[in-house]
Amino acid sequence: MDDSTLDQKHGTANDGKTESITKEHTEEEVPALEVFPDLVTTNKQSKEDIQVLRNMGIPEWLLQPTTVEPDQSCSLNDVGLSSSLIQRCQDQGLSSFFAVQMQVIPAFLRRKALYDTRRAPGDLCISAPTGSGKTLAYVLPIVDILSKRIVTRLRALVILPTRDLVIQVKETFDAFVKGTDLKVGIALGQHSFIQEQISLVGKSNEKYNGGHSKVDILIATPGRLMDHLKDTPNFTLQHLRFLVIDEADKLLNQSYQDWLNHILHASQPPTSKNKSTLDFKTDKYSVVESDGVAPSFMSSCFDLPTSDIDLPKAPSVQKLLFSATLTKNPGKIAGLHLTDPEYISVQRQGDDTNQPQYTTPAGLKEFMMVCASDKKPLTVIYLLKQLNIKSGLCFTKSVESTRQLKMLLNGYGKQTGMKLNVVEYSSDLKSSQRKALLQQFKEGEIDLMICSDLIGRGIDMDCVEVVISYDVPLFMDKYIHRVGRTARAGREGKAFTLVEKQEARHFNGMLRSAGHYQQVKTFAVDKEQMKSYEEGYQAALAELSHDN
Ligand SMILES: Nc1ncnc2c1ncn2[C@@H]1O[C@H](COP(=O)(O)OP(=O)(O)OP(=O)(O)O)[C@@H](O)[C@H]1O
């Protein structure tokens, strides 16, 4: 992509908003926002802001994060991982750890919780920019700690909001468990329920108090996990040591079947004693065999002489929350029942009062383009041609909007002889089709993938050079996650938001309230160039209306 075109012709990289926009929206005109920017913040705030947040009931530990600068890094040897895992990291091409990993991995290992069930491990909430490496910040310590286990039990559970993310995180775990005995499973409804049950607990009809597990680490969507908790015999969370909630703010907004309470409940010993009628199993010499009941569940399963056995008192599950836009909603945080939590935030430091609330990747350049509704497809054509986009993601608000744009762009390609591979990525596609599309996109075969917010979060593709928000995102967290599909892992990238005139006020107000207004430059269009694409566009439009 030709950067010089962007910077010279449009002169937008460093010179602030263009006149037409700033003039339109003075401070007085900024409308009230529909978002709660105070509750979804990642950066340092003024003393007054902090007092307001405190008054709103936000806990002190959330107001006082351990902060780390995004551009910090450290050597692979500096975080306390075992030498075999460091070797694995090197084999995977890592040469250093990013800021979030540098801070989180030692904190995680310090709270090593595999065998110490008498001390509350302490929970961690982590906020770090998109593409900053949050996944490895939990994958590596979990693999390191669990690789010392002897018996397979379900000890780590990772919850993610979409199937695509479950598959992506599974691939990351698979790459790092190589060389260990650890087994990684998924529950996402990709296969039949019975197949999934067999893969998680096997086929045994016998009921064990301690349950049974064929996997050490399970990555799941909340819905499918609930199904297993309800209907899979021997599926238990009693051995759980790590509960990771990735994309935490998104998940905590989903109350599907009250999934969070069910998980928390299933991982804690019941308070009312529900003694088992099962006897202990004995071997052929009549020696008692344990069926693997977790220590903290012992007294709720069996009548034990408690004076002889020192049972653990502290909760043993360590909760780990990750997001680029971590919620500070006191109600949501309270619902997690966190123990001795620590908040780690990767954020840029600076003058308190003028600090943006969101830290975006350093290599990301953000632009907005004001255009009329009927000129939006033409504007996308303009960007494709002017910037020679070879690997772009374009977010729309609806399936209809996606279809229409795809047909128009393909029609334009046909009319003008421009080679253009535009595809649609939506939840209507089968999972195998979506996987194939993502693969093609990663291999550089697709110029523009038009999609819904299904892949607006978490999806990691290093090839994305440009993100276009065809329809304006209404909420700041959605904006941050969309633009964060590019400029990942220290790369460069550009994000364009197409804004209709009547939407500009809301969009600017949203950016301003989030302290992000200065980062988004106005991208002025070269009108002559735009005109030159008009003929082909009109022909594509005519053909489309003729076909319909
Ligand atoms: N230490 C490292 N060295 C090089 N690349 C890394 C390192 N850590 C992570 N990466 C790469 O950075 C990319 C982004 O990582 P990841 O997907 O974990 O980001 P994230 O912080 O979870 O982003 P999002 O908030 O968008 O989900 C991945 O391709 C990952 O392989």
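Odds and ends about this structure:
- Residue within segment 367-377 that is within 30 Å of VAL525 (Cα to Cα) and among the hydroxyl-bearing types (Ser, Thr, Tyr) present: yes
- Matching helices (runs of 4 or more DSSP H) fully within segment 232-313 where at least 3 residues are at pLDDT 90 or above and over 14 Å from GLY211 (Cα atoms): 248-252, 259-266
- No other residue among THR135, THR152 is in the same structural domain as TRP61 (by TED's automatic domain parsing), over 29 Å from THR327 (Cβ atoms) and of a type in the set (Ser, Thr, Tyr) apart from THR152.
- Note on segment 186-222: residues that are assigned to a helix (DSSP H, G or I) and farther than 23 Å from ILE142 by Cβ total 5.
- When segment 388-409 is filtered for residues that are touching a Leu at 6+ places or on another chain (Cβ under 7 Å) and either of a type in the set (A, V, I, L, M) or surrounded by fewer than 19 Cβ atoms within 10 Å (Cβ to Cβ) (or both), the ones remaining, listed by number, are ILE389, MET407, LEU408, LEU409.
- Scope segment 314-362; condition at pLDDT 90 or above and small (Gly, Ala, Ser); matching residues: SER323, ALA324, SER345, ALA362
- Given (1) away from the ligand (no atom under 16 Å from the Cβ); (2) closer than 18 Å to SER267 by Cα; (3) within 24 Å of the chain's Cα centre (by Cα), index of the condition HIS191 fails: (2)
- Condition check for TYR425: buried (at least 19 other Cβ atoms within 10 Å of the Cβ), free of Cβ contacts under 8 Å to residues at least 60 places away in the same chain and closer than 15 Å to GLN168 by Cβ: yes
- Per-region count, segment 177-223, residues among the aliphatic types (A, V, I, L, M) and in contact with a Gly (Cβ under 6 Å, 6 or more places away or on another chain): 3
- Residue check, TYR470 buried (at least 22 other Cβ atoms within 10 Å of the Cβ), of a type in the set (Ser, Thr, Tyr) and closer than 16 Å to PHE523 by Cβ: no
- First in segment 143-164 and free of Cβ contacts under 8 Å to residues at least 40 places away in the same chain, second anywhere and in a strand (DSSP E or B) and surrounded by 22 or more Cβ atoms within 10 Å (Cβ to Cβ), Cβ under 7 Å, 6 or more apart: none
- The set of residues in segment 229-252 that are within 16 Å of the ligand (Cβ to nearest atom) and within 23 Å of LEU146 (Cβ to Cβ) comprises VAL244, ILE245, ASP246, GLU247, ALA248, LEU251.
The values are calculated or read from the model by the stated rules, or taken from the named source; none is laboratory data. A quick note: this is a predicted structure, and the numbers were derived from the prediction, not measured. All Cβ positions, glycine included, derive from the backbone under ideal geometry; neighbour counts span all protein chains shown.
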